1. How far apart, in nanometres, would the label points at residue B:188 and residue B:84 be if each is projected 7 angstrom from Cα along the Cα-to-Cβ direction?
2. Among all the lysines, which ones have a C-alpha under 17 Å from residue A:82's C-alpha, if same-chain residues fewer than 8 places away are not counted?
3. Ratio of alpha-carbon Rg to the 2.2 N^0.38 Å globular estimate for the range B:485-563, to two decimals, please.
4. Which of rounded, prolate, oblate describes the range A:217-270, given a ≥ b ≥ c as roots of the alpha-carbon gyration tensor eigenvalues and a/c under 1.5 marking rounded, otherwise prolate only if a/b is larger than b/c?
5. In terms of Cα to Cα distance under 20 Å, which lysines are near enough to residue B:267, apart from those fewer than 8 places away along the same chain?
6. Can you tell me, using C-alpha contacts under 8 Å and at least 6 residues apart, the relative contact order of the range B:407-517 as a whole percent?
7. Any idea which of B:411, B:205, A:373 is furthest toward the positive side of the dipole for the protein assembly as shown, if Lys and Arg beta-carbons carry +1 and Asp and Glu beta-carbons -1?
8. On full extension of the chain, what length is gained from residue B:534 through residue B:268, given 0.36 nm per residue of separation minus the C-alpha to C-alpha distance?
Amino acid sequence: MSTPRLLHPVTRRTALKRLLFGAAGVALIDRIVPLARAAESAGTAAGPAQPVRPACAPARAKAVIQIWMWGGPAHLDTFDPKPDAGNDYCGPLKKPIATNVDGIRICELLPELAKHADKYSILRGMTHGNNGHETASYIVQTGHEPGGSLVYPCVGAVVSLFNGYDAGYKGRVPPYIVLTSAQGRFSEAGFLGLRYKPFVTGGDPAQRQFAVEGIVAAGITHERQQGRRALLHSLDTLGRAMPPNQQFQQLDRCEEKAYDMILGDGGKVFDLSDEKDALRDRYGRNTFGQSCLVARRLVESGVPCVTINYRGWDTHKQHFETMQRKLPEMDKGMASLLQDLADRGLLDSTIVWWSGEFGRTPRVQWESPWNGGRGHYGKCFSAVLAGGGFKGGCVVGASDSKGEEVADRPVFPQDMIASIYGLLGINPDAPLPNPRGLDVKVLQPEDTHSSRAMLREIM
Amino acid sequence: MIVFRRGGPLAMPGAGNNRAQASSYHIMWRLFTTIAICALVCAAFCEAQDDAAHSNAALQAAAPGVAAPFEMPAWPMPANAVDAPVLSELRARNIKPANPCSDAVFIRRAHLDVIGTLPDLREVREFLADRRPGKRAALVDRLLERDEFADYWAMKWGDVLRVKAEFPINLWPNAVQAYHRWIRDAVRNNMPYDQFARALLTSSGSNFREPPVNFYRAVQGRDAAAIADAVALTFMGARRASWPGDRQAGMTSFFSRILYKQTIEWKEEIVCMNPSPATGIESVFPDGGPARIVPGQDPRRVFADWLITPTNEWFARAAVNRVWAWLFGRGIVHEPDDIRQDNPPANPGLLACLEKEFVDARFDLRTLLRLVLNSRTYQQSSIPRTDTPEAEALFAFYPVRRLDAEVLIDALNWIAGGAGEKYTSEIPEPFTFIPDTHRTIALADGSITSPFLEMFGRPPRDSGLASERNNLPTDDQRLYLLNSSEVQRKLQRSRHLRAVTGLTAGNRQGTIRWIYLLLLSREPMPEETATAGRYFQSGALNTQDAVNDLAWALINSKEFLYRH
């Protein structure tokens, strides 16, 4: 098995970087900082479920918002345009636009994001080589190889494990929220189990009422909720007949907390009617735009991990029509999110992570039956990172002139995830509790999809 | 005058409802629904005012110090053998036992405890109207013959015997089905408990063809010590680690010659005695008595023969204590599977009495159940008449407990009108395709689960420990029951509730009454009818929404969620 470092020429720049921050340096930092932390945590009382947390560098980011481009977005038509590659590669999208950072150009359908290029960095050398949705999703969501007997947790579940309830998270809403539908098998808690599963909102924030599962019941007004609760209490015949007892008191406590979410302030975070109309318009009055707004509200209220599952990027057919329709939507939502986070001083502590499971074939499939579509492409694609300690205005790595191969600085999903974990204060070498009691780490360094190099150039 | 058949819109998904309704039955189904609806209309009009059950319930509660509608002033039946030791212990400590529970409470409690199923409307109405003195005993007899009794008690034994395909038990799906079927048949045919234990301990052969051999496969680890632990826990209600060293070692020796052999069939395994060591074994039994196993003799048999001897103090004790805990939420020795010298029974006389009765009945579990279920101790109200802390451990009242996860989801799905639970499993999907009509209590495999079952604390069947089941309430559970779209959908789609609304249109009292009978198995109290009536009148809601809200309030009530 060859390591990626040998696969790709080491430029002088990367060599220098490795010298300064390379694996040994990282390991050293990881050794020094955690000792103090470990000593500190050893004193606190821990339940049996408490994960052992060998700490790493102190967290710079408090939260991560993952924009999951479900289906795989075309890198050529988003953040890695190739206007010189010709019609067979660009189709109608030949005129990339300049951004507010010199030398960075992105797709012409992303004018709003072009105004914020100083806030994010583009990884143009993403690669894992896998072209299957499920397996590629698994790699990009978990940072682990598919196959094997264990199903690893995705990033959100790991964040929930290390920065959620067990780490003293006291928020009213759960620490890991998915907007609005779950991705299923590969975006879940894996072997970590139910406790770390995301709270999936369901509903649609672009509707008049955002029907969050369990918290906001569609078609049931606030008054009816109150009326029902009063009815429930006035018909509590057994509860009244019984003298105070532990069983019922515990149930009553649970009910009170539930109603704090349903009727009280707990669920308010999902209520977008608090927001100014102008701001809501800026985000875009569609599911994605309003999900971005909800994500900002959640992060603002202290939630450490929010995933927006953004569907519709698996464009085998009618690719360019779909881009014309969806990119402006994505552009508005994501740009407004970055701007809004920055305006509120939240961008420094919030990672925004944009990625799909892979990119799409750089050469347009004009032939039947695709008639102008793009297929799955895991060999080379793009991802975007902003905030939470990631520098903006950089391009990391590059693809070749046609976007088909990684030309410089390949980044494997695991490197990207390790960097995100690093900024969140999660040590990639920390052990994960698992049912078989195996020696399992947050990330397995021996995976082939790792260069063992964090994204030091933008951290 | 009103006849509901099983399978009608208001029947429980019980014995007659187990098969999926093929589409060819659809017309008959509609016809049948119509007939049932007509019957319900007649009932609503003819019996609304003067119902025998209604007046009966009112009569039962009309005494001071008796909490309507949960209690009655006088016992409808004599005390039995179980009651004497309970009462004498309570008297000695000056603790007042609770009042007798009402008929309405009894029919619900007996259904939930014996068959894990809510009573249907017909059963409730017939039972409440019945004036015969022996009706409670007769109900117990009927319940013990129901198919759901076999399902529910096979589920309980499945927890103890660790019936599970996947990690960490790894029985694998085929063997799980065989093992579960064997257990369920044993319950249904009332196999005497000593034979049940002996079969599990001494069988040899293929895990597919000789299902009880799976006992030795359903253990985390196949070394003699792990198996000895499982045997001690299962049949002696004891943790081997609490024994003196020589007896721990002695116990291990009985399981030191088990051979597991693969065949060419996928996941088939032969379990038998390993014949190769030609030596005998000198050992000790858990009671310290000497054990001598001659060459060629199966040590498992020697142990089983010792175990099931009527004079063996462990065997009957562990069984009666376990059964008691299933009915009362706690054992006479508590935890029910932690019997040891320094964990004495709360009431030794009671334990001795049950042991004797069980042995005298030749280990007949149904006879044991009848004895307990027909006792006054079991038929007490759940409302204590004392605040002495030890009253619960001494069984001075029937303790309230949240419904088991499986029982609760079955009840909710029944109200929804038969929609089955959607299952998941860690293993590939084929094994989770289960017909809609299949009850959760009848699920064979502990590896097949659902988000609901996980949320409500169904045991993972990893160890066989009684404490694996978690019936404590959580915030998530409450949010789910109060406000999830799933529960809301179940109510909105409920054929039962729609039928009630349609049939009692214009008769609000009738509507409220039927909903109470349907969901809480009892007549509403006059105050409750008034409260619910005000809710119907109060506002902007149409009748169906108001009906759904009342049903919502009742399924979220303690009375619905808790055995009481």
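The values are calculated or read from the model by the stated rules, or taken from the named source; none is laboratory data. Note that the coordinates shown come from a computational prediction; the quantities given were computed from them, not determined experimentally. Cβ: placed from backbone, ideal geometry, glycine included. Neighbour counts: every protein chain shown. When the accessible area is computed, the model is the full protein with side chains, heavy atoms only, and any ligands, DNA or RNA have been set aside. Shrake-Rupley method; radii C 1.70, N 1.55, O 1.52, S 1.80 Å.
1. Here the answer is 3.8 nm between the modelled labels.
2. By straight Cα distance, residue A:82 reaches A:94, A:95, A:379, A:402.
3. 1.01
4. Oblate.
5. Those lysines meeting the cut-off are B:164.
6. It rounds to 27 percent for the range B:407-517.
7. It is A:373, whose Cα lies furthest towards the positive end.
8. 89.4 nm
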